[in-house]
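Below: the structure, in structure tokens.
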Amino acid sequence: DTAVSQTPKYLVTQMENDKSIKCEQNLGHDTMYWYKQDSKKFLKIMFSYNNKELIINETVPNRFSPKSPDKAHLNLHINSLELGDSAVYFCASSQRGWDAYEQYFGPGTRLTVT
Amino acid sequence: RKEVEQDPGPFNVPEGATVAFNCTYSNSASQSFFWYRQDCRKEPKLLMSVYSSGNEDGRFTAQLNRASQYISLLIRDSKLSDSATYLCVVSYTNAGKSTFGDGTTLTVKP
């Protein structure tokens with residue numbers, strides 16, 4: 001059974017398009033995250049949700065809008081895509097909060113903007 | 001100064017070698033510490049948590065030095081399968097998040 005799943009795995013699109021990435025976890029966790037890993041492999045947190053409530057928004061452009069319909073799902077919608085958005089986007093979840101619990105990552109969505 | 005700093009490497013070592021990575025953090029209020037491992041084109045996975053008294057898991061030993069604000073990971077008897085990027089993670093409740101280091105790349109060669 002997949003613990004944290006993301007779709008799609010690969011996404012190739014043109015600039016200025018709008019796209020969404022979906023994430024689901026079946027671990028019963030309360031907290032979910034979106035991370036961006038750029039070409040230099042640096043992993044940066046973008047958003048964190050706890051029980052469907054936004055907890056962290058790390059100065060991400062407002063072209064990025066997360067949505068959590070329930071605590072098992074956290075989707076990421078990106079408007080007006082730019083070349084600099086090309087990266088791997090990882091969804092993750094943890095049992096409760098963020099400070100003392102292991103984070104489980106999804107397999108990543110490799111986004112290429114042309 | 002970055003919140004969490006790691007030597008990016010790369011560390012190239014022969015099989016059987018012992019290798020150590022350090023990670024420094026800037027916030028003295030940091031509460032939880034972890035090492036994650038990320039294989040090429042894969043997601044990060046927890047390798048081990050780091051406890052104040054230090055802890056060991058097989059060939060891996062993690063240490064925490066709060067006074068000097070660093071954590072370390074020691075890998076003994078390196079295997080080819082240890083080749084990966086090792087990410088240091090530091091969490092503190094007041095910030096409401098975990099911060100990942102930029103990773104240290106290890107390549108173990110035959």
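Can you tell me which residues in the range B:12-31 are within 16 Å of the chain's Cα centre (by Cα), among the polar types (S, T, N, Q) and under 14 Å from B:Ser68 (Cβ atoms)?
B:Asn22, B:Thr24, B:Ser26, B:Ser30
Among the residues of the range A:9-55, write down those that are of a type in the set (A, V, I, L, M), in a strand (DSSP E or B) and within 20 Å of B:Ser98 (Cα to Cα). Before the answer, list the steps.
If we filter the range A:9-55 for residues that are of a type in the set (A, V, I, L, M), which is where we start, we get A:11-12, A:15, A:21, A:27, A:32, A:43, A:45-46, A:54-55.
Checking which are in a strand (DSSP E or B) leaves us with A:11-12, A:21, A:32, A:43, A:45-46, A:54-55.
Residues satisfying the conditions are A:Met32, A:Leu43, A:Ile45, A:Met46, A:Leu54, A:Ile55.
Would you check if there is a residue in the range A:21-29 being touching a Lys or Arg at 6+ places or on another chain (Cβ under 7 Å) and at negative phi? If you could, list the steps in order and put the result at the bottom.
So in the range A:21-29, the residues touching a Lys or Arg at 6+ places or on another chain (Cβ under 7 Å) come out as none.
No, the range A:21-29 contains no residue that is touching a Lys or Arg at 6+ places or on another chain (Cβ under 7 Å) and at negative phi.
Regarding B:Ser81, is this residue more than 14 Å from every other protein chain (Cβ to nearest Cβ), among the small types (Gly, Ala, Ser) and surrounded by fewer than 17 Cβ atoms within 10 Å (Cβ to Cβ)? Don't jump to the end; show me each part of the working.
Details: more than 14 Å from every other protein chain (Cβ to nearest Cβ): yes; among the small types (Gly, Ala, Ser): yes; surrounded by fewer than 17 Cβ atoms within 10 Å (Cβ to Cβ): yes.
The answer is yes for B:Ser81.
Strands (runs of 3 or more DSSP E) wholly in the range B:1-94 with at least 3 residues that are under 28 Å from A:Cys23 (Cα atoms) - which ones? Even if it seems obvious, please write down each step before you answer.
On the way: elements: B:4-6, B:11-14, B:19-25, B:32-38, B:44-50, B:55-57, B:60-65, B:70-75, B:84-92.
Answer list for the range B:1-94: B:32-38, B:44-50, B:84-92.
Working only within the range A:66-100, note down all residues that are surrounded by 15 or more Cβ atoms within 10 Å (Cβ to Cβ), more than 21 Å from B:Asp39 (Cα to Cα) and of a type in the set (Ser, Thr, Tyr).
Selection gives A:Ser68 alone.
Can you tell me which residues in the range A:18-50 are away from chain B (no Cβ under 14 Å) and exposed (fewer than 13 other Cβ atoms within 10 Å of the Cβ)?
Within the range A:18-50, A:Asp18, A:Asn26, A:Gly28 meet the criteria.
Yes or no: the range B:51-74 includes at least one residue that is at the interface with chain A (Cβ under 10 Å from one of its Cβ atoms) and hydrophobic (A, V, I, L, M, F, W, C). Outline the logic, then answer.
The first filter runs over the range B:51-74 and keeps only residues at the interface with chain A (Cβ under 10 Å from one of its Cβ atoms), leaving none.
No.
Suppose we keep only residues that are of a type in the set (Lys, Arg) and part of a loop (DSSP other than H, G, I, E, B) within the range A:56-90. Which one would you say is modelled with the lowest pLDDT? Talk me through it step by step, then tell me what you get.
Narrowing the range A:56-90 to residues of a type in the set (Lys, Arg): A:63, A:67, A:71.
Add one more test, that the residue is part of a loop (DSSP other than H, G, I, E, B), and what stays is A:63, A:71.
Details: A:Arg63: 96, A:Lys71: 90.
That would be A:Lys71.
Condition first: more than 14 Å from every other protein chain (Cβ to nearest Cβ), within 13 Å of the chain's Cα centre (by Cα) and closer than 21 Å to A:Phe42 by Cβ. Now tell me which residues in the range A:75-110 satisfy that. Outline the logic, then answer.
Taking the range A:75-110 and keeping what is more than 14 Å from every other protein chain (Cβ to nearest Cβ), we get A:75-86.
After this cut, where a residue has to be within 13 Å of the chain's Cα centre (by Cα) as well, the list is A:75-78, A:85.
Within the range A:75-110, A:Leu76, A:Ile78, A:Asp85 qualify.
Considering each residue of the range B:1-47, count those that are at positive phi, surrounded by 15 or more Cβ atoms within 10 Å (Cβ to Cβ) and at pLDDT 95 or above, and give that number.
0
If you scan the range A:62-94, which residues turn out to be out of contact with any Gly (no Cβ under 8 Å at 6 or more places or on another chain), in contact (Cβ under 8 Å) with a residue 60 or more places away in the chain and not small (Gly, Ala, Ser)?
Correct list: A:Ile78, A:Asn79, A:Leu81, A:Glu82, A:Leu83.
Working carefully through the options B:Ser52, B:Ser98, find the one that is modelled with pLDDT under 90 and buried (at least 21 other Cβ atoms within 10 Å of the Cβ).
Values: B:Ser52 fails: buried (at least 21 other Cβ atoms within 10 Å of the Cβ).
After applying the criteria, what remains is B:Ser98.
The values are calculated or read from the model by the stated rules, or taken from the named source; none is laboratory data. In this text the structure is predicted, and so the values were computed from the model without any measurement. Quick reminder, even Gly has a Cβ in these numbers, built from the backbone with ideal geometry, and neighbours come from all protein chains shown.
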